[in-house]
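Contents: one structure, followed by commentary.
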Amino acid sequence: MTDALVVLRREFESAEGSFMLQLRCDLVWDRAAFSRLERSMRVACGQYEGSDENPGA
């Protein structure tokens, strides 16, 4: 699993320190955490562009 997918998994599981958890529970927009999430999404999309592979499977 790539680093980007590890970050995304932690985000969508709302792991401690994740942007999603901070936003949902504390109503805090953490710019650094958001940037980490956004960057990981871009990397993952680039890695799987044009692929039929399901990275979450």
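Computed from the coordinates by the stated procedures, all read-outs in this text should not be read as laboratory data. Values in this document were obtained by computation on a predicted structure and should not be read as measured data. So basically every Cβ, Gly included, is an ideal-geometry build from the backbone, and we count neighbours across all protein chains shown.
I need to check one value: relative contact order of the chain, counting alpha carbon pairs closer than 8 Å and at least 6 residues apart, in percent.
With pairs under 8 Å counted, the relative contact order is 36 percent.
Can you give me the distance in nm between label points at Arg42 and Phe12, each placed 7 Å from the Cα along the Cα-to-Cβ direction?
Placing both labels 7 Å along Cα→Cβ, they lie 2.0 nm apart.
Where Lys and Arg each count +1 and Asp and Glu each count -1, what net charge lies around Val7 among other residues with Cβ under 12 Å from its Cβ?
So the environment of Val7 carries a net charge of +1.
Hey, could you grab the Kirkwood Rh for region 3-44? Inverse mean 1/r over distinct alpha carbon pairs, Å, one decimal.
That comes to 9.9 Å for region 3-44.
Is there a quick way to get the dipole size of the chain? I mean about its Cα centre, with the Cβ of Lys and Arg at +1 and of Asp and Glu at -1; what is the value in debye to the nearest 20?
Taking the Cα centre of the chain as origin, the dipole is about 180 debye.
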